[in-house]
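Accompanying notes for the structure given below.
The values are calculated or read from the model by the stated rules, or taken from the named source; none is laboratory data. This structure is a prediction, so every number in the text was calculated from the model and none was measured. No Cβ is skipped: glycine too gets one built from the backbone with ideal geometry, and neighbour counts run over all protein chains shown. Accessible surface is based on the protein model in full, side chains and every heavy atom, while ligands, DNA and RNA are left aside. Shrake-Rupley method; radii C 1.70, N 1.55, O 1.52, S 1.80 Å.
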Amino acid sequence: HPPCRGQHFQIWHLQSAFAASLTPSREVLIGEYLKGWKELTKFMDSLGTAFGLITRETWSKITIMQDYQSGQHGAHYRTLQSMVTFELANGLVNFHSLPATHPPSGCRTLLRLHRALRWLQLFLDKLGSSEGGDASQMCASAYQETLAPYHSWWVRQAAALAFLAMPSQRELYGIICAEKEQHARTTLLATVRIIAHVYNITQEVFSAHEMLELP
Ligand code: 1Q0
């Protein structure tokens, strides 16, 4: 497995970015949230070409959000809550259709990452709580429960191929640099708790504004 330091994925960075994305007043800081996603793309990079499509898709969503953050109205894109308020007030959300002429809204773009975060939460939970399981299978069942209903037939086929390239549970434990299995489990379940917290707060915000089905 890759070295535990340097340019490679570190689960510690994932944890700290998502933990830092929550403020005491339950706001979600978009910059930190994206930092967590960027750490995940490092992991995907190490999985090779089978994950190329997924990595590119993830970067395309990250880039749209970063462009909003560095754009003219960047100040409104600091937190999830301020973004929702701003896009609602200015009719930018696009509740019914995706306009061809404008870039996709921040809300619908973040919603895509939000749904994928739920997949990650379930997958890491399975990985940390089952013994001697098949990681590809865990990946696939987490996908069925979360993202699959939102994806086209073609995307589901591509995802199924990527799952087969998922390393074994043992290798994944190696990637998170845990010396003992028990340590790996503890680390994974701690990560799950942080991700679940971010996910739940984000879900409340999207749900309160009826934004869970944005096209
Ligand atoms: C094995 C990982 C699979 C993860 C889930 C598979 C997702 C398949 C996505 C295929 C991309 C094809 C492009 C199409 C998708 C879009 O249609 C869709 C909707 O966007 P839009 O603009 O068309 O409405 N996009 C999405 O749903 C965004 C999907 C982002 C996928 C993020 C996957 C995250 C994967 C992370 C792997 C890290 C695992 C970490 C494990 C750590 C272990 C210690």
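Need one number: convex hull volume per residue for the range 96-167, Cα atoms only, in Å³. Please report the intermediate quantities before stating the final value.
On the way: hull volume 7.7 nm³, N = 72.
Value for the range 96-167: 106 Å³ per residue.
Residues considered: 136, 105, 60. Largest GNM mean-square fluctuation over the chain, using C-alpha springs under 10 Å, is found at 60. The dipole here belongs to the chain: it is taken about the Cα centre, uses +1 on the Cβ of Lys and Arg and -1 on the Cβ of Asp and Glu, and is about 220 debye. Per-residue SASA remark: residue 29, around 30 Å² accessible (1.4 Å probe; ligands, DNA and RNA not included).
Keeping all protein chains in place, calculate the accessible area per residue for the range 124-197 (probe 1.4 angstrom), answer in Å². Please report the intermediate quantities before stating the final value.
Numbers: 4100 Å² over 74 residues.
Accessible area per residue, the range 124-197: 55 Å².
Cut-off under 14 Å on the C-alpha distance; same-chain residues fewer than 8 positions from residue 42 excluded. Which aspartates and glutamates are left, in chain and number order? Within the straight-line cut-off, residue 42 pairs with 57.
Quick check: at a probe of 1.4 Å, how many percent of the accessible area of the range 57-215 sits on carbon and sulfur atoms?
Details: 4520 of 8210 Å².
The C+S portion of the solvent-accessible surface of the range 57-215 is 55 percent.
Where nothing but the Cβ of Lys and Arg (+1) and of Asp and Glu (-1) is charged, how large is the charge dipole of the range 63-173 around its Cα centre, in debye to the nearest 20?
In debye, rounded to 20, the range 63-173 gives about 200.
Label-to-label distance for residue 203 and residue 137 is 2.6 nm, based on points extended 7 Å past Cα in the beta-carbon direction.
Heavy-atom accessible area for residue 180, with the other protein chains in place and a 1.4 Å probe, reaches approximately 140 Å². Summed over all non-identical Cα pairs, the Kirkwood treatment of the chain gives a radius of 18.0 Å.
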